[in-house]
Structure formats: C-alpha cells, structure tokens
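Right, one structure below, let's go through it.
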Amino acid sequence: MILVQNLIDAIALGALFALVAMGLGLMFGVMRLVNFAYGELITVGAYTLLLTSGQPEWVRVVAALLVVVVFGLLMDVTFRPLRLASPTTMLIATFSVSFLLQNVAVLVFGTRGEAIGFLPVLNQAVDIGGLRIRWVTLVSILIGALLLGATSLLLTRTTIGLQIRAAAADFRMARILGVKANTVITTAFVGAALLAGVVSLMLSIQRPLATPTFGFLVIIPALVGIVVGGMDRLVPATLGGFAVGVATGLLGNLLPSAQRVFLNTALFLVVIIVLLIKPDGLFVRGRQTVERL
Amino acid sequence: MSGPVARPILRVSDLEVRYGGVPAVRGFGFEVYPGEVLGLIGPNGAGKTTTLFAIMGILEPSGGEIEFEGSVINRLPPERIARLGIAMVPEGRRIFSEFTVEENVRLGLMGRADAGGEADDLDWVYSMFPIIDEFRSRTAGQLSGGQQQQLAIARALVSRPRLLLLDEPTLGLAPVIVDTLFEALGQVRGRGVSMVLVEQRAQLAVQFADRTIVMRDGELVTSLEPSDASDADRLANAYFGS
C-alpha cells in the first residue's frame, strides 16, 4: 500500500519534470540552446505568487503566468542574437543569465526563503481506497497529462506546430520553404514559458518556500532527464524528464531518511551508466551508424 | 520566350560571396528571363551552390547585387525571398525524413505569398507526381531516392514560385528516374516557371536549358546553346578549360 502511494507521488513529480523537460526541449529544438536559465522562469513564478499574496488566487495565477511569459520573452530577446553562436557560447550565456537572476533574487529577497502560501488547501490529503493522497498530487498528474497532450496536439496538428518541428529538424531548409524564423522561435519560447509558469504554480503548492534556487533545483534533474532520454527529440526528452522525476520521487520516499543525501549520487550514477550504454539517449531508436574515425 | 526586349526576372550582377576571407564567387553575373530555363554548370567548387545560396538569402553577398523582378533582394532573409516567389530544391533534397510526405508538401505552402489557389496548386503538384500522391501518409524517409527528389520538387512547387532554383536534382539517381524527373520539369516549364538548373550531367543540362552558362573558380567562363549539347569537345572545353 505504501508502495502504491509512493508511486503515485512519484508520478506526480514525474509529470512536473516532464513539463520542464518539454519546455527545455522546445527551446533546444528551435535554437539548439540548452537554457539553464529556464529554471529561473519557475523561480520568477514563485516570487510573483509571493508578491501577490493576499490577492484572490485567480489573480495570483494570472499574474504569475503573465510575469513568467514576459521573462520568457526577455530571454528570447537576450539569446536570439546568439542563435548562430557556438554551443559553448550559448551555454555560458544561459549560465550567466541563470546566476544573474539567482543573485538578483538573493539581493531582493535574501536566501532564507519566504512562505508563498499559495492554495495551501491543496496540500490536504484525500482518502482514496485506503491511500492518503494529497490533492496537489492529483492536480499535478492531471494538469501534467493535459498540458503534455495539448502541446503534442499543437505540434502535430497545427500549422505553427509543423513549422516548429520543421525548424527543429532542419532550420535552414525550413526557412528556405518560408517558415518565419522569428515567429517560430518566439512561439517556442512563449510555449516553454507557459509550461514553466504552470510548473511554478504546482511546485509552489508542494514546496511552499520561495528561494533564489527554487527553479534551479528542478532544472538540473530535468536536464539530466533530457540527456538520458535523448536530447534532440521532444518526446524522448519529455519521457526522460518523466523517468527522472519518477525515479527521484521513488528513491526519495524509499530511501531511509539518513540515506537521502545520497539521492543525487544514485541518480547521477544511473545517468553515467545510461550515457555509457546509450549515448544518444534511452528513448531514441534507430540511429544512423556512428562513424568511428 | 527570352529576348533582349523582355525584362529579366532575375538579374545577378558583380556577385561576390566569401567564406571567411576566401572568395567563392567573384564578379559573377547573369540574367534569367521570364519563362527561361538557365543551365548553370561547372566543375566542383566552381561556386554554383554558393550562387544559389546567395540568391535564396542563405549567404549574404559581400559585393554585387541580386535583383528579382526589379527589386534588390541581397539582404532579405530566406523566408522573405520565398514569399517573393523564389523556391529552391537544394542539393541532397533535404526533405524532412521523419515527417509524412503530406507534411513535407504542406511545409512548401509556407512560402506562398497568398492563400488563394492553394488547393489548385496542390492538385497540380499531386497530379504531376502520382507516386507522391499515393504515398501521402507515408513517412518521407521510407521513399526511394528518386521519390524523395520528386517530393522535394513538389514541395518547392506548391508555393507557386515564379523562379525555381534546382541544385543537382539528378545526383545519385538511376537514368530511368532522371527521365521521369525531367518530364516533370518540362511540365513546370510549360507553366512558365523560370528556372536556374545546376546540374553535373552537363549534356543533359545543356539540352534541357534554353541557355547554359559555365562557371569555374567563381567566375563566368562561357555560355552554351542547346545545339552545343552534341558537341562533346566544346562541352569538355567549356567545362574543364582547354
């Protein structure tokens, strides 16, 4: 029974990580950009909730999503000129923005962490067939599934989705055919920011303390998930995020509390093994032959 | 079709394109008239693909001018140039192999200047390439090389371009498929679409084109007429230099 309950909690965490992985994957697809600063979008959402406390909850939700999208657009503007720069340059640029935003948060809010107090009612547990499950767990799974479904419908069934996929597969050819580079990149950034906004809402209920590293702590395991799943494909990347989320959740609950400090050690050990065995990612099939010389 | 009185649809003058500091095209120029098929041949590294890339807006020229229907397009991005009415079938086809055939064709619609007539052009393209029509829902990567080339041309044509740039469309294809391809290109010409055809099968290009120019080391060497196609010596001289 306790195992089932742990599993459900782990799936909820997996759903959030999957959303984060999908957001990272969207930006990577159109810009070949590994955006470490994506975590700060989640942090920005949490602080917006904090700053709007006292307002009606729907106002806080709208405000958080709006502010996150605005920051997403700012990141778009910041990173766009680097589109043709080397991967190293882009990586260092996103790192810089990430640390800059974290340090601004330290300056403004301090490192101690402040209680967000967003929809605490969802932290209450409900009894389902002997299982004690928190509402936020159910909501996370539901919203995660809905958003993942909606995003994949958008990508596979709409014209802008087709253009985003084409840009991710072969940006130059897409532009030759008339796909507007700027439209595609902005759409991907807005989409990714909205996903970050929703993740930030869910996390603010589960981990109700806003800190400067609120989002950064999520982004690292999600990035691990993307690499494990397969970086340059959205579905494998998302599955990877989900898998790492579930694994983190399960290990976190199953390990005796004294051993929990080894959680990340165990996680990264698995990552190294996966990368040694399947360097292209766990969920990527049928790759071309690797040239050895 | 072509004539000294007609205004060219494409005018390239004094084109210069550099990779780093190295010039790949230097002082190259030519004109394409409405409805004309211009062959562009020359040995590897002559600058043919570079020239097409410059016209399409993928590479920015370091000098010279590219004029399409009277307006200078040098500094426009590819997506704008596509909307002006230029389409390209790049070397190696560059189809989206993980997408369906139909999705590939639909991507060609992005370069249309107007939404009107989409259905007509789709019909036209699908009727020109029945095999593409038949395999609409297949993954493009499953098609044979010849079919993929047809798909690449179909994808370029649904945007209803007035100028089609073709880079080595027959590369790696069996002779019988080359025939099919040129039959289709004949239909495209019948619609009045102008073309610039880069082709390593020199004889084929010279035969098919209204006029063929030869490029070597980034420069224009000579110009050939269809009647030169049967003159092997003249072709070889033009190509490799005498």
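The values are calculated or read from the model by the stated rules, or taken from the named source; none is laboratory data. Here the structure is a predicted model, which is why all the values come from computation and not from measurement. A quick note on method: Cβ atoms are made from the backbone with ideal geometry, for glycine too, and the neighbour counts reach across all protein chains shown.
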Quick one: is A:N103 touching a Lys or Arg at 6+ places or on another chain (Cβ under 9 Å) and surrounded by fewer than 20 Cβ atoms within 10 Å (Cβ to Cβ)?
no
If I filter segment A:120-138 for residues that are modelled with pLDDT of 95 or more and among the small types (G, A, S), do I get at least one hit?
no
I'm checking my understanding of the structure. Among residues of segment A:52-66 that are of a type in the set (A, V, I, L, M) and within 16 Å of A:I116 (Cα to Cα), which one is surrounded by the most Cβ atoms within 10 Å (Cβ to Cβ)?
A:A64
Would you confirm whether or not segment B:133-142 contains a residue that is at pLDDT 95 or above, in contact with a Leu (Cβ under 7 Å, 6 or more places away or on another chain) and more than 14 Å from chain A (Cβ to nearest Cβ)?
yes
The condition of being surrounded by 15 or more Cβ atoms within 10 Å (Cβ to Cβ) and more than 23 Å from the chain's Cα centre (by Cα) holds, among A:I133, A:I116, only for A:I133
Which residue pairs have Cβ atoms closer than 6 Å, lie 6 or more positions apart in sequence or on different chains, and pair a first residue in segment B:66-85 that is more than 21 Å from B:M110 (Cβ to Cβ) with a second residue that is among the acidic types (D, E) and assigned to a strand (DSSP E or B)?
B:V72/B:E65
Selection within segment B:101-110 - within 10 Å of chain A (Cβ to nearest Cβ) and not charged (D, E, K, R)
B:N104, B:L107, B:G108, B:L109, B:M110
State the number of residues belonging to segment B:148-166 that are surrounded by fewer than 23 Cβ atoms within 10 Å (Cβ to Cβ) and polar (S, T, N, Q).
1
Looking only at segment A:72-114, and only at residues there that are without any contact (Cβ under 8 Å) to a residue 24 or more places away in the chain and polar (S, T, N, Q), the one that is farthest from A:S204 (Cα to Cα):
A:S86
Under the condition of being of a type in the set (K, R) and under 16 Å from the mean Cα position of the chain (by Cα), which residue from segment B:84-137 is nearest to B:L173 (Cα to Cα)?
B:R93
Count of residues meeting criterion [within 14 Å of another protein chain (Cβ to nearest Cβ) and in contact with a helix residue (DSSP H, G or I) (Cβ under 7 Å, 6 or more places away or on another chain)] in segment B:156-203:
8
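The rows are residues; the columns are (1) of a type outside the set (S, T, Y); (2) touching a residue at least 12 places away in the same chain (Cβ under 8 Å); (3) within 14 Å of another protein chain (Cβ to nearest Cβ); (4) surrounded by fewer than 22 Cβ atoms within 10 Å (Cβ to Cβ).
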residue	(1), (2), (3), (4)
B:V89	yes, yes, yes, no
B:S97	no, yes, yes, yes
B:R112	yes, yes, yes, yes
B:D123	yes, no, no, yes
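Could you check segment B:40-94 and list, in sequence order, the residues that are among the hydrophobic types (A, V, I, L, M, F, W, C) and under 16 Å from B:L157 (Cα atoms)?
Scanning segment B:40-94 gives B:M56, B:I81, B:A82, B:L84, B:I86, B:A87, B:M88, B:V89.
Can you pull out every residue in segment A:208-252 that is in contact with a strand residue (DSSP E or B) (Cβ under 9 Å, 6 or more places away or on another chain) and not hydroxyl-bearing (S, T, Y)?
A:P208, A:L209, A:A210
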Given the criteria within 12 Å of chain A (Cβ to nearest Cβ), closer than 25 Å to A:V184 by Cβ, in a helix (DSSP H, G or I) and out of contact with any helix residue (DSSP H, G or I) (no Cβ under 7 Å at 6 or more places or on another chain), does B:A152 qualify?
yes
Being within 9 Å of chain A (Cβ to nearest Cβ) and buried (at least 23 other Cβ atoms within 10 Å of the Cβ), is that true of even one residue in segment B:125-132?
no
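Could you list, in sequence order, all residues of segment B:43-98 that are of a type in the set (S, T, N, Q) and touching an Asp or Glu at 6+ places or on another chain (Cβ under 8 Å)? Break it down stepwise before answering.
Here is the first cut: in segment B:43-98, the residues of a type in the set (S, T, N, Q) are B:44, B:49-51, B:62, B:71, B:74, B:97.
Across segment B:43-98, the qualifying residues are B:T49, B:S62, B:N74.
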Looking at segment A:4-14, can you tell me whether even one residue there is of a type in the set (A, V, I, L, M), within 22 Å of A:V184 (Cα to Cα) and part of a helix (DSSP H, G or I)?
no
Those residues of segment A:135-186 which are in a helix (DSSP H, G or I), β-branched (V, I, T) and either within 11 Å of another protein chain (Cβ to nearest Cβ) or closer than 30 Å to A:L119 by Cα (or both) amount to A:V136, A:T137, A:V139, A:I141, A:I143, A:T151, A:T156, A:T159, A:I160, A:I176, A:T183, A:V184
Going through segment B:14-57 in order, the residues found to be over 24 Å from B:G192 (Cβ atoms) and among the polar types (S, T, N, Q) are B:N44, B:T49, B:T50
